[in-house]
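Participant: Attaching a single structure in structure tokens format; questions to follow.
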Amino acid sequence: MFIINCPFCGEREQSEFKAGGEAHIERPKQPTELSDDEWAEYLFMRKNIKGIQFERWNHIHGCRKWFNMVRDTSNDEIKAIYKMGEKPPVK
Amino acid sequence: MKNRYSIFSLIKNAFSYHENWEKAWKDPTPKKEYDAVIVGGGGHGLATAYYLAKKHNMKNIAVVEKGWIGGGNTGRNTTIIRSNYLWDASAGLYNHALKIWEGLSQELNYNVMFSQRGVMNLAHNLQDVRDLKRRTHANRLNGIDAEYLNTEEVKKFCPIINTSPDIRYPVLGGTLQRRAGTARHDAVAWGYARGADEMGVDIIQNCEVKAIKRNGDKVEGLETTKGFIKTNKIGVVAAGHSSVIANMAGLKLPLESKPLQALVSEPVKPIIDTVVMSNAVHAYVSQSDKGELVIGAGTDDYISYSQKGSHDIVEGTLNAILELYPIFSRMRMLRQWGGIVDICPDASPIISKTSIKGLYFNCGWGTGGFKATPGSGDLFAHTIANDEPHELNAAFNINRFVSGDLVDEHGAAAVAH
């Protein structure tokens, strides 16, 4: 359990949020031209990193807005939070 | 040949104050080269090594474990064993395991305390009732014992359940698999380790894999904290850390690793002689031989390798437990812990070859791997030895995420899964 600093609402408990998984997975621009392998890569394959991970979160029991987070998954320490569309902070 | 455990060996060793028992497994230093190396010394990994040696005559093999054997999810689960899965592929896989469980203590000469006390799944709404009845029929068609119970029969089978119609999620019925039950999880790891060691398998603890050496599309060996080990077959059974190992070989897996929690209460006199699971309220409980209630909670929804989960998950589980069993309201909880489970998008496991020759993965068991331990080891050993899957694990290949032929048990199994 940890505290998340929502960029819109401020500090709230993690239980108010929903994790949205790995961030910066781009939706295919030409879905009709994708091979099965490329679909599998987009839909299912995940980095699932132990360490610094870029991920999406939604303040589902608050402002209901999405944002991005950089978190160390080995100890749940949050390194940075940034809004959707913004460039991820460099490590 | 190891001395067999028996009443006579127990009496014999009593005369020397139990100080001269033979070690159950050796503590070898790794050889330079093995025919196969299993990464991960949990139940599944040790079972894989055991069956490789026993059924496929591969004796020059090793199990490398970064911590101590059985110290990961093998020692952290809630020990429930059942095979009442909906789909044919899953039913085949888990029932194969259940059949091995039934003779495992004899086979290993190690008491794994397998207890067929039954597993009951509760229904709390009309859809649950329909789903569970459907699953009961599906199970019977697959030769798996299954019964559907109405509310009175549920109450009769487990009298401490609150079946009052005015609770938030009333009990409308349930299914019962009488052949299901529990086993002592540590004993499973130790029993397989002892059995594998006896056949010449090297079990190497405190040996973490740091890199996988590849030559083109073939594996050549492992870089570990105890040096380089040459091998051309690597079977990875690393549960929550599967993606980490895959990454060393340049592979990506369809897995997310998340914390799953469990807790036990203070020990009390026998009060519940079966296992009761409820999917809708997400609570399941059984009682250990020591008398502790063993309670399984849910997973957190974020990726984490921290082996600790959120408090609100435990709170939600205990709320559900208390509504179903008001008798536990004054019970104190003794311990709580977390394990990291690797979850596939379809919540079914992967027991498969990969695109790299000689690299095999057994992962994705998510929240329900313990029950499959013997079957998983047997089928994975077959896959490694023959470089081809057994018919029972063919459906659980990694390629299903490309073909779309998923084994979608996620919602279908009606389990706290």
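Participant: When only C-alpha pairs under 8 Å and at least 6 residues apart count, what is the relative contact order of the stretch B:331-370, in percent? Don't jump to the answer; show the numbers that get you there.
Facilitator: Values: 44 pairs, mean separation 16.2, N = 40.
The value is 41 percent.
Participant: Kindly write out, for the stretch A:65-72 in residue order, the coupling ³J(HN,Hα) from the Karplus curve 6.51 cos²θ - 1.76 cosθ + 1.60 (θ = phi - 60°), rounded to whole Hz, with x marking Gly and Pro.
Facilitator: 9, 8, 8, 10, 9, 10, 9, 8
Participant: Residue-wise, which Karplus ³J(HN,Hα) couplings in Hz belong to the stretch A:33-48, taking 6.51 cos²θ - 1.76 cosθ + 1.60, θ = phi - 60°, and x for glycine or proline?
Facilitator: Values, residue by residue: 9, 7, 7, 4, 4, 5, 4, 4, 4, 5, 7, 10, 6, 10, 5, 6 Hz.
Participant: Apply the a/c threshold of 1.5 to the C-alpha gyration tensor of the stretch B:140-275 and tell me whether it is rounded, prolate or oblate.
Facilitator: Numbers: a/c = 2.71, a/b = 2.31, b/c = 1.17.
It is prolate, given that a/c is not under 1.5 and a/b is the larger ratio.
Participant: Could you sort B:Ser355, B:Ser164 by accessible area so the largest value comes first, with the probe set to 1.4 Å?
Facilitator: Details: B:Ser355 95, B:Ser164 35 Å².
From most accessible down to least: B:Ser355, B:Ser164.
Participant: With angles folded into 0 to 90 degrees, how steeply does helix B:126-141 sit against the dominant principal axis of chain B? Use alpha carbons for both and round to 10.
Facilitator: For helix B:126-141, the angle is close to 50 degrees.
Participant: Let me ask something else. 5 Å is the cut-off here: which amide hydrogens, built 1.01 Å from N in the peptide plane, fall below it relative to B:Val63, excluding neighbours closer than 5 in sequence?
Facilitator: For B:Val63, whose amide H was placed from the backbone, the distant partners under 5 Å are B:Ile38, B:Asp202, B:Ile203, B:Ile204.
Participant: What value, in deg cm²/dmol to 500, does the helix sum -39500 (n - 2.57) over DSSP H runs of n ≥ 4 give at 222 nm once divided by the residues of chain B? Before the final figure, lay out the partial values.
Facilitator: Values: 10 runs with 118 residues, N = 417.
Estimated from H runs of four or more residues: -8500 deg cm²/dmol.
Participant: Continuing with the same structure: Restricting to Cα pairs below 8 Å that are 6+ residues apart, what does the relative contact order work out to for chain B? Please round to a whole percent. List each step's numbers first, then the result.
Facilitator: Numbers: 966 pairs, mean separation 93.6, N = 417.
Dividing the mean separation by the residue count of chain B yields 22 percent.
Participant: Okay, moving on. For chain B, take the longest principal axis of its alpha carbons; what is the angle in degrees between that and the long axis of helix B:311-324, to the nearest 10 within 0 to 90?
Facilitator: 40
Participant: To continue, here is another question. Going by a ≥ b ≥ c, the root eigenvalues of the Cα gyration tensor, does the stretch B:24-70 fall in the rounded group (a/c under 1.5), the prolate group (a/b larger than b/c) or the oblate group?
Facilitator: On the way: a/c = 1.65, a/b = 1.15, b/c = 1.44.
Oblate shape, in that a/c is at least 1.5 and b/c is the bigger or equal ratio.
Participant: Provide the per-residue ³J(HN,Hα) series for the stretch B:203-217, in order, calculated from phi with Karplus coefficients 6.51, -1.76, 1.60 and θ = phi - 60°, each as a whole number of Hz, with x at glycine and proline positions.
Facilitator: Karplus values, whole Hz, x for Gly and Pro: 9, 10, 8, 6, 10, 8, 6, 9, 7, 10, 8, 10, 10, x, 9.
Participant: For B:Lys213, which sequence-distant residues (separation of 5 or more, or a different chain) have an amide H within less than 5 Å of its own amide H, given hydrogens modelled in the peptide plane?
Facilitator: B:Glu220, B:Gly221, B:Leu222, B:Glu223
Participant: Mind listing the long-range amide H neighbours of B:Lys233? Cut-off is under 5 Å, sequence gap 5 or more, other chains count too, H placed in the peptide plane at 1.01 Å from N.
Facilitator: HN-HN under 5 Å from B:Lys233: B:Val37.
Participant: Would you kindly calculate the translational diffusion coefficient of the stretch B:62-176, applying Stokes-Einstein with the Kirkwood radius from alpha carbon pairs, for 20 °C and a viscosity of 1.002 mPa s, and quote it in µm² s⁻¹ without decimals? Before the final figure, lay out the partial values.
Facilitator: Numbers: Rh = 16.5 Å.
Once the numbers are plugged in, D ends up at 130 µm²/s.
Participant: Taking only Cα atoms and a 10 Å spring cutoff, compute GNM fluctuations for chain B and point out the largest among B:Ser376, B:Ser306, B:Ser242.
Facilitator: B:Ser306
Participant: Given a Förster distance of 35 angstrom, what is the FRET efficiency for A:Asn5 paired with B:Leu322, based on the Cβ-Cβ distance and rounded to 0.05? Walk me through the intermediate numbers first.
Facilitator: Values: r = 33 Å, r/R0 = 0.96.
According to the calculation, E is roughly 0.55.
Participant: Of the trypsin sites (Lys or Arg not before Pro) in the stretch B:312-408, which ones lie in a loop per DSSP and count no more than 15 other C-beta atoms within 10 Å? Present the calculation step by step, with values, prior to reporting the outcome.
Facilitator: Numbers: sites: B:Arg330, B:Arg332, B:Arg335, B:Lys353, B:Lys357, B:Lys371, B:Arg400; in loops: B:Arg330, B:Arg332.
Hits after loop and neighbour filter: B:Arg330, B:Arg332.
Participant: Order B:Trp365, B:Trp68, B:Trp337, A:Trp57 by their accessible area, 1.4 angstrom probe, all chains in place, largest first.
Facilitator: Numbers: B:Trp365 25, B:Trp68 165, B:Trp337 45, A:Trp57 0 Å².
Order by accessible area, largest first: B:Trp68, B:Trp337, B:Trp365, A:Trp57.
Participant: Residues in the stretch B:249-266 near a label at B:Lys218, defined as backbone nitrogen under 20 Å from the 7 Å Cα→Cβ point?
Facilitator: Under 20 Å, as judged by backbone N against the label point of B:Lys218, lie B:249-251 of the stretch B:249-266.
Participant: Let me ask another. Given a 1.4 Å probe and the protein chains all in place, what does the accessible area of B:Thr79 round to, in Å² to the nearest 10?
Facilitator: Solvent-accessible area, nearest 10 Å²: 30 Å².
Participant: I want to verify a result. In a Gaussian network model of chain B, Cα cutoff 10 Å, which of these has the top mean-square fluctuation: B:Gly368, B:Gly200, B:Gly41?
Facilitator: Ranking B:Gly368, B:Gly200, B:Gly41 by mean-square fluctuation puts B:Gly200 first.
Participant: With a ≥ b ≥ c taken as the square roots of the eigenvalues of the C-alpha gyration tensor of the stretch B:350-408, please select rounded if a/c is under 1.5 and otherwise prolate if a/b is larger than b/c or oblate if it is not? Before the final figure, lay out the partial values.
Facilitator: On the way: a/c = 1.65, a/b = 1.04, b/c = 1.58.
Here the stretch B:350-408 falls in the oblate category.
Participant: In addition: Students sometimes get this wrong: rank A:Arg12, B:Arg179, A:Arg27 by accessible area, probe 1.4 Å, all chains present, largest first. Before the final figure, lay out each step's value.
Facilitator: Working: A:Arg12 80, B:Arg179 60, A:Arg27 145 Å².
Sorted by accessible area, descending: A:Arg27, A:Arg12, B:Arg179.
The values are calculated or read from the model by the stated rules, or taken from the named source; none is laboratory data. Computed from a prediction, not measured in an experiment: that's the story for all the values here. Cβ coordinates were reconstructed from backbone atoms using ideal geometry, including for glycine residues, and neighbour counts include every protein chain displayed. In case anyone asks, the SASA skips ligands and DNA or RNA and just uses the protein heavy atoms, side chains included. Shrake-Rupley method; radii C 1.70, N 1.55, O 1.52, S 1.80 Å.
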